[in-house]
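Trainee: Quick one: this structure, given as structure tokens, is what I'll be asking you about.
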Amino acid sequence: MCKLMLLPGMDGSGLLFKPLLDELNHDAQVLALSLKGEQTYQHQLNKLMDIIGDKKVVLFAESYSGYLAYLLALLKPENIQHVIFAASFITNPTWLTRFYPMLPFSLLKTKWMPDSLINHICFNRLAGPELIELFHQSLQTANNIILRERIKNIAYLPKIPPKLKTPCTYILPTKDCLVSQHAVRQLVNACENIEVKSLVGGHFIAQTHPNECGNIIKKVMGSL
């Protein structure tokens, strides 16, 4: 029987998976990214490979972790039965990452940016106060150095990824302000067997649409 494992976005905590976990009756394992040691993709990949071991799993990878799920499927095709990408990327998603040394993480954590603007950019204005507060809590879990290192990882992603044969699903937010359409096309083109599911919403699509994302997951799990 396959196990469902959730790989979180850049904060790495998995806190933002709460709405989805509630929808799934918490029948999934969140693989939080370590706050200790190196923050390179390779270091994170090694830790995840140890956790997965010889288990048969379905990976749900959000945003930053899309590249990790992609590598895991390449390296452990006998274990990774399906990858569900949610607003993910495997190449640099935006030119803004080039300015990672100057990104104001400290200011963002002090809530200098109005919640209404965060809601517009990240959630397509679909988030309520509880979800916005969950977003702020997730930012506090990693220090600025770690967040900057993870942005650096994104900025230097390879431009031409190898082909992936593992069956995949891509959950595509129609109003994603953080991942370019070009980056989405590169991921889709790198997968030989992929189905794209569009949902009206912003980058944090699993948070604003836990029911729809949950149904996609359940359909995949039921087919294995």
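The values are calculated or read from the model by the stated rules, or taken from the named source; none is laboratory data. It should be emphasised that the depicted structure is a prediction, and the values quoted were computed from it without experimental measurement. Note: ideal-geometry Cβ built from the backbone for every residue, glycine included; neighbour counts use all protein chains shown.
So that you can scan it fast, the table gives a plain yes or no per residue for (1) closer than 30 Å to residue 36 by Cβ; (2) touching a Leu at 6+ places or on another chain (Cβ under 7 Å); (3) at pLDDT 90 or above:
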{"residue": "94", "(1), (2), (3)": "yes, yes, no"}
{"residue": "107", "(1), (2), (3)": "yes, no, no"}
{"residue": "117", "(1), (2), (3)": "no, no, yes"}
{"residue": "132", "(1), (2), (3)": "yes, no, yes"}
{"residue": "146", "(1), (2), (3)": "yes, yes, no"}
{"residue": "164", "(1), (2), (3)": "yes, yes, yes"}
{"residue": "167", "(1), (2), (3)": "no, no, yes"}
{"residue": "184", "(1), (2), (3)": "no, yes, yes"}
{"residue": "193", "(1), (2), (3)": "no, no, yes"}
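Trainee: Now for a different question. Only one of 39, 29 is at pLDDT below 95, farther than 29 Å from residue 174 by Cα and not aromatic (Phe, Trp, Tyr). Can you tell me which?
Mentor: Details: 29 fails: farther than 29 Å from residue 174 by Cα.
One residue alone meets the criteria, 39.
Trainee: Could you check how many residues of segment 189-210 are part of a helix (DSSP H, G or I) and more than 27 Å from residue 55 (Cβ to Cβ)? So that I can check it myself, show each step before the final result.
Mentor: Kept after step one, since they are part of a helix (DSSP H, G or I), are these residues of segment 189-210: 189-190, 205-208, 210.
Still in the running and more than 27 Å from residue 55 (Cβ to Cβ): 189, 208.
Residues meeting the conditions: 2.
Trainee: If I ask for residues that are in contact (Cβ under 8 Å) with a residue 60 or more places away in the chain, closer than 24 Å to residue 179 by Cα and either assigned to a helix (DSSP H, G or I) or in contact with a Ser or Thr (Cβ under 7 Å, 6 or more places away or on another chain) (or both), which ones from segment 14-61 would you list?
Mentor: 15, 16, 17, 18, 19, 20, 41
Trainee: Anything in segment 140-179 that is surrounded by fewer than 19 Cβ atoms within 10 Å (Cβ to Cβ) and touching an Asp or Glu at 6+ places or on another chain (Cβ under 7 Å)? List them, or say none.
Mentor: Within segment 140-179, 141, 163, 165 meet the criteria.
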